[in-house]
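Read-outs: derived from the displayed coordinates by stated rules, not from any lab. Only a predicted model underlies this, so the values are computations on that prediction, with no experimental measurement involved. When we count neighbours, we look across all protein chains shown, and the Cβ atoms used for this are built from the backbone with ideal geometry, even at glycine.
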Amino acid sequence: MSVLYRICCTFVSVTAELNISEIRHKIACLISIEGGHSIDSSLPALRMFYQLGVRSMALTHNCNTPWAESSSKLYNVYQRQNNSLTHFGKAVVEEMNRLGMIVDLSHSSWDTAWAVLNHSKAPVIFSHSSSYSICSHSRNVPDWLLNELKRNRGLIMVNLHNNFISCKDKANISNVADHFDHIKKVIGAESIGIGGDFDGALSFPQGLEDVSKYPALIQELLHRNWTENELADVLRRNFLRVFEEVERVRDVLHSNHPSEVQIPVEEVQNPCRLVLRPPSKRKERPFNQSPSSRAQFGPPCLLIWPMVLLLSIIFSIE
């Protein structure tokens, strides 16, 4: 298995390596952290992850961090009023901009996403989120927020989990294509990618059960009058553009010193912080909300659990 991995995939941490991987006909993979809990509200920890090769981080997962708000209401931890991105949360975004780390807003609340989009100097991504207009799930992105993303020059990578595609337990390729069509209509094909979520979600549309089925989705979009050039953007070039712009912002900020902002101790004191177990009292799951990933069946607030996503960058259409 390890030999096969070395043949098929290559780890990258800069855009230049992405371009080299294309020349070598390899799939390029970036390391990402799913959930800002992993840095334990520490900017030095954030910088450590960057030194280890991490190039993107989702600010939240299925429960709030002390400084940013999750789209999930399952767990009553780090609740705040009218403060979806705190002073320290803004410092996290600023430090990610300085480092050249991509800010990922999937799992963030709409208010947190809006605050980040209006604070970040670099483009951001929703690494695995879909259209709220097509499926009204809180993990999806409404049109008004898509327009903010367009202004930011960011990217939404469509999640393929059934519950985010059809708001039901079953979906098909046509349902997925509806999300692509709608997002294209609102903000254009240049703002779209594919964010399968195959490493974490539980059920996928019929005919899109794994990455080997991507050609079926591309064929469906071709039938809907998407051009090969647009689909090449979706498969590779849109993400590459965002990553290049994140690196350009890093280069502009290269003379800035590492941030020394610290979070007040009283803001992080919570049983969820370092205890690897669920809160003592769980909120009842809303009737129309299903678990989106295996993480929801385990401890939701793991601060030392860096869920690693391999964001596979698919090559342009031949």
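Couple of notes before you dig in:
- Point-to-point label distance, residue 81-residue 20, nm (Cα→Cβ direction, 7 Å offset): 5.4
- Phi-based couplings in Hz for region 77-83 (Karplus 6.51, -1.76, 1.60; Gly and Pro marked x): 10, 6, 6, 9, 10, 6, 8
- Footprinting exposure proxy ranking of 145, 46, 202, fewest other C-beta atoms within 10 angstrom first, gives 202, 145, 46.
- R0 of 41 Å, Cβ-Cβ distance residue 11-residue 190: FRET efficiency to nearest 0.05: 0.95
- Evaluating 6.51 cos²θ - 1.76 cosθ + 1.60 at θ = phi - 60° for every residue in region 201-212, the Karplus couplings come out as 6, 9, 9, 10, x, 4, x, 10, 6, 7, 5, 5 Hz, glycine and proline recorded as x.
- Straightening the chain between residue 198 and residue 262 buys 19.5 nm, computed as 0.36 nm per residue apart minus the Cα-Cα spacing.
- The string of couplings for region 141-149 from the Karplus curve (6.51, -1.76, 1.60, θ = phi - 60°) is 10, x, 4, 4, 7, 4, 5, 5, 5 Hz, one whole number per residue in order, with x for Gly and Pro.
- Amide H contacts of residue 126 (H built 1.01 Å from N, in plane; Pro and chain starts excluded): 105, 155, 156, 157 sit under 5 Å, all sequence-distant by 5 or more or on other chains.
- Highest mean packing comes first when the peptides 210-216, 36-42, 126-132 are listed by Cβ atoms within 10 Å, giving 126-132, 36-42, 210-216.
- Exposure proxy order (Cβ contacts within 10 Å, fewest to most) of 15, 112, 227, 10: 227, 10, 15, 112
- Taking 107, 119, 179 and counting other C-beta atoms within 10 Å, the order from fewest to most: 119, 179, 107
- Residues whose amide H lies under 5 Å from that of residue 141, counting only those 5 or more places away or on a different chain, are 130, 131, 132; hydrogens are built 1.01 Å from N in the peptide plane.
- Cross-link pairs exceeding 20 Å between alpha carbons, from the set 150/185; 90/121; 26/213; 184/213: 184/213.
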